[in-house]
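*Asks:* Once you've had a glance at the structure underneath, I'll fire off some questions.
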Amino acid sequence: MAPPLIDPALFDQLKTKIEEDTSVRKELDQILDDLNQHVSFTQGVLSRIHSTPRAKYATLFEQVEAGVKKEIETVGRLGAFASQFPYYKYNHKWTRMVQDAISTVILTTWLGGLSTESKTGELGRLLTLEDIGEVFNAPVNLKDRDAFHITIEEYLLGLISVIDDLSRLAVNSVTLGDTAMAVQISGFIKDLHAGFQVLNLKNDILRKRVDSIKYAVKKVEDVVYDLSLRNLIPAQETTQ
Amino acid sequence: MSGLKRDWNGNTKRRDGPKPAAKPVVRNAYTPMFESLREELDQHHDRRERIVKASRDITALSKKIIFSLQRVRKIESQLPNNIQSEVDSRLADISKLLASIAPEIQGINRYRYSRSLMCLEELVEALTFAHYLRTQTLIGHAELDPTIEDLTKKGAVISEDEPMADAGDPAGNAEKDEPPAVNVPTVTLTQDDYLYGVFDLTGEMMRFATTSTALTGKMASGQTGKDGGDDEPRTIVQDMHELGTFFEMLPVGPGNKFQWEKKLEVTRQSVQKVERLGYDRVIRGSERPKGWIPDLSSGDPGQGEEE
């Protein structure tokens with residue numbers, strides 16, 4: 001007898017592999033459901049910054065920090081599970097959510113929350129990629145081994161979301177009478193915009209999002225223009 | 001003279017004139033951070049660019065192998081000499097390309113660039129098709145991996161032997177510094193590379209069945225009496241049925257369900273075309289003049305996508 005076209009063992013082997021893959025994805029989805037819940041909650045609480053005067057941030061941060069703590073826990077679970085498999089095989093499933101988690105942390109810290117013993121809470125502190133790795137207990141920009149980590153792209157995309165949020169806050173802080181905040185946001189966003197110009201971008205999602213920063217810059221510049229026209233900018237800021 | 005630019009007053013602008021001094025980059029607290037991130041991103045983009053280039057060439061070469069193989073008329077253990085030598089020379093080119101990208105896609109980078117490595121599907125298609133024409137069996141994933149590994153190693157050796165042959169090959173040059181062939185990085189196939197390659201194999205088998213039946217007047221099948229058995233040798237119609245059932249029975253690949261369904265649909269159509277061929281052979285095989293090719297072009301969405 002001539003050998004059969006398909007070795008029966010081949011079918012079994014492929015079937016097993018596909019089933020394994022499916023169950024990995026199911027388990028990932030469960031973790032990601034949790035992460036999604038915590039990220040949405042934290043984002044929701046954080047959106048109150050637009051209607052809360054700066055003096056009352058402290059109470060707001062308590063809630064935010066509780067949410068961030070859950071985010072960190074869940075990212076930890078995700079990392080432990082995902083590290084068993086090739087990182088980029090499944091990375092697309094969580095990258096958006098991790099970006100959102102990163103941006104909640106960057107925003108909170110910039111506003112003076114999430115202070116630690118070494119770093120006291122003050123307005124305007126930007127966490128670097130390495131800082132983010134420390135917050136989430138995850139390696140960053142991993143190259144020498146195949147495990148869960150936070151990528152440069154995730155950090156930068158998370159940062160761009162923060163810029164969008166801050167440009168909105170600039171408007172609302174003026175409404176709340178906090179013109180100094182608007183001026184500080186303007187300086188920060190312009191600096192970051194210049195920073196993003198340093199990158200050589202390809203035609204990908206990062207490029208698309210970076211292109212949107214200029215609208216945030218414009219929005220904030222308009223606010224500052226309105227303020228300066230009416231002499232509403234605090235004295236020490238204008239001398240800069 | 002074209003492309004003369006004039007300024008506001010209508011005076012011609014000189015292109016080779018002194019350029020205004022480049023505006024110094026405005027530096028601020030965050031500039032160093034972005035500069036270091038730029039380095040990293042550039043490495044990634046350059047690597048992807050190199051992979052994409054090699055991948056495009058490998059795809060083209062694999063397609064040429066498939067065209068050569070489509071000139072085979074029957075299933076037998078040895079490909080005709082002229083075709084075998086065409087295939088070999090293409091494979092030699094492919095192995096050089098594989099060796100050049102192998103170091104780029106080790107470890108974590110294997111899946112990072114898997115979308116830029118569509119060429120491997122095409123290569124699987126070519127290799128499984130050649131294997132089918134020789135043995136009338138489907139080569140397994142586990143047996144195909146060493147084949148690709150061998151190709152990569154061969155390519156690495158070739159680029160060491162003739163360093164001047166492709167001077168633009170950075171990986172080949174890099175490898176010269178290392179001891180030869182002890183720990184040469186190789187290319188591995190993912191499950192998806194293999195499965196999607198085999199999906200495409202069904203299209204090639206359909207084409208082969210059609211031309212070989214038309215030109216030889218016989219349905220392609222295994223050799224008669226080779227094993228001394230008195231069974232009729234298996235025909236390609238049976239093989240197509242087998243392969244169709246194989247894919248119908250497999251669970252849907254979880255990565256990209258949409259693509260899987262699309263490929264499965266094309267496979268179903270290929271199976272039916274070959275079925276139709278088998279029917280034609282039985283019902284009016286003797287009446288049909290030699291060289292007559294049944295018109296299978298209508299309702300054939302698979303064709304356009306392949307070319």
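The values are calculated or read from the model by the stated rules, or taken from the named source; none is laboratory data. Computed from a prediction, not measured in an experiment: that's the story for all the values here. Cβ sites come from the backbone with ideal geometry, for glycine too, and all protein chains shown count toward neighbours. Calculation scope for accessible area: heavy atoms of the full protein, side chains included, ligands and nucleic acids excluded. Shrake-Rupley method; radii C 1.70, N 1.55, O 1.52, S 1.80 Å.
*Asks:* In nm, what is the difference between 0.36 nm times the number of residues separating A:ALA80 and A:SER40 and their Cα-Cα distance?
*Replies:* On the way: separation 40, 0.36 × 40 = 14.40 nm, distance 2.20 nm.
Contour length minus the Cα-Cα distance gives 12.2 nm.
*Asks:* In addition: Grab the beta carbon distance between A:ILE72 and A:LYS202, set R0 = 25 Å, and tell me the FRET efficiency rounded to 0.05.
*Replies:* Numbers: r = 31 Å, r/R0 = 1.26.
The formula returns an efficiency of 0.20 here.
*Asks:* List, in the order given, every pair from A:LYS93/B:LYS53; A:LYS17/B:LYS257; A:LYS26/A:LYS69; A:LYS26/B:LYS257; A:LYS89/B:LYS257 whose Cα-Cα distance in the structure shown is over 18 Å.
*Replies:* A:LYS93/B:LYS53; A:LYS26/A:LYS69
*Asks:* About its Cα centre, how strong a charge dipole does the range A:154-240 have in debye, to the nearest 20, once Lys and Arg get +1 and Asp and Glu get -1 at the Cβ?
*Replies:* Values: 10 positive and 11 negative charges, 59 e Å.
Dipole about the Cα centre, nearest 20: 280 debye.
*Asks:* Please compute the length gained on full extension between B:VAL157 and B:GLN272, using 0.36 nm multiplied by the number of residues separating them and subtracting their Cα-Cα distance. Before the final figure, lay out the partial values.
*Replies:* Details: separation 115, 0.36 × 115 = 41.40 nm, distance 4.48 nm.
Length gained between B:VAL157 and B:GLN272: 36.9 nm.
*Asks:* Oh, and also: Given a Förster distance of 41 angstrom, what is the FRET efficiency for B:LYS257 paired with A:ARG230, based on the Cβ-Cβ distance and rounded to 0.05? Could you put the intermediate results ahead of the total?
*Replies:* Values: r = 58 Å, r/R0 = 1.41.
Once rounded, the FRET efficiency stands at 0.10.
*Asks:* Could you tell me the accessible area of B:LYS13 in Å² (1.4 Å probe, neighbours in place), rounded to the nearest ten?
*Replies:* B:LYS13 has an accessible surface of roughly 120 Å² with all protein chains in place.
*Asks:* Related question: Ignore the peptide's own chain and count Cβ atoms of other chains within 10 Å of each Cβ in A:188-196; give me the average, rounded.
*Replies:* Working: counts 3, 0, 2, 6, 5, 1, 7, 12, 3.
Neighbouring Cβ atoms belonging to other protein chains average 4 per residue here.
*Asks:* For chain A, what does the relative contact order come out to in percent, with C-alpha contacts under 8 Å and a separation of six or more?
*Replies:* 17
*Asks:* For B:ARG38 and B:VAL282, calculate 0.36 nm times their separation in residues minus their Cα-Cα distance, and state this gained length in nm to one decimal.
*Replies:* Numbers: separation 244, 0.36 × 244 = 87.84 nm, distance 6.67 nm.
81.2 nm is the gain from fully extending B:ARG38 to B:VAL282.
*Asks:* Relative contact order for the range A:8-150: what percent, with Cα pairs under 8 Å and sequence separation of 6 or more? Don't skip to the answer; put the middle values down first.
*Replies:* Numbers: 130 pairs, mean separation 33.3, N = 143.
Computed value for the range A:8-150: 23 percent relative contact order.
*Asks:* Can you list the residues, at least 5 places off or on another chain, whose amide H is less than 5 Å from the amide H of A:ILE150, using H built in the peptide plane?
*Replies:* Residues meeting the criterion, in which the H sits 1.01 Å from N, are A:VAL140, A:ASN141, A:LEU142.
*Asks:* Give me a comma-separated list of calculated 3J(HN,Hα) values for the range B:36-52, in order, Karplus coefficients 6.51, -1.76, 1.60 applied at θ = phi - 60°, integers in Hz, x for any Gly or Pro.
*Replies:* 3J(HN,Hα) across the range B:36-52, in whole Hz: 6, 5, 4, 3, 5, 5, 4, 4, 5, 5, 5, 4, 4, 4, 4, 5, 4.
*Asks:* Once both labels are modelled 7 Å past Cα along the beta-carbon direction, what's the A:LYS93-A:VAL171 spacing in nm?
*Replies:* Result: 3.8 nm between the two label points.
*Asks:* Rg/Rh for chain A to two decimals, with Rh computed the Kirkwood way over all alpha-carbon pairs.
*Replies:* Reported Rg/Rh (Cα atoms, Kirkwood Rh): 1.11.
*Asks:* Let me ask another. Leaving out ligands and nucleic acids, note down the accessible area per residue over the range A:154-240 with a 1.4 angstrom probe, in whole Å². It would help to have the intermediate numbers written out before the result.
*Replies:* Numbers: 4270 Å² over 87 residues.
For the range A:154-240, the per-residue accessible area is 49 Å².
*Asks:* Same structure again: Tell me the angle of helix A:213-229 to the major Cα principal axis of chain A, expressed in degrees between 0 and 90 and rounded to the nearest ten.
*Replies:* That works out to roughly 10 degrees.
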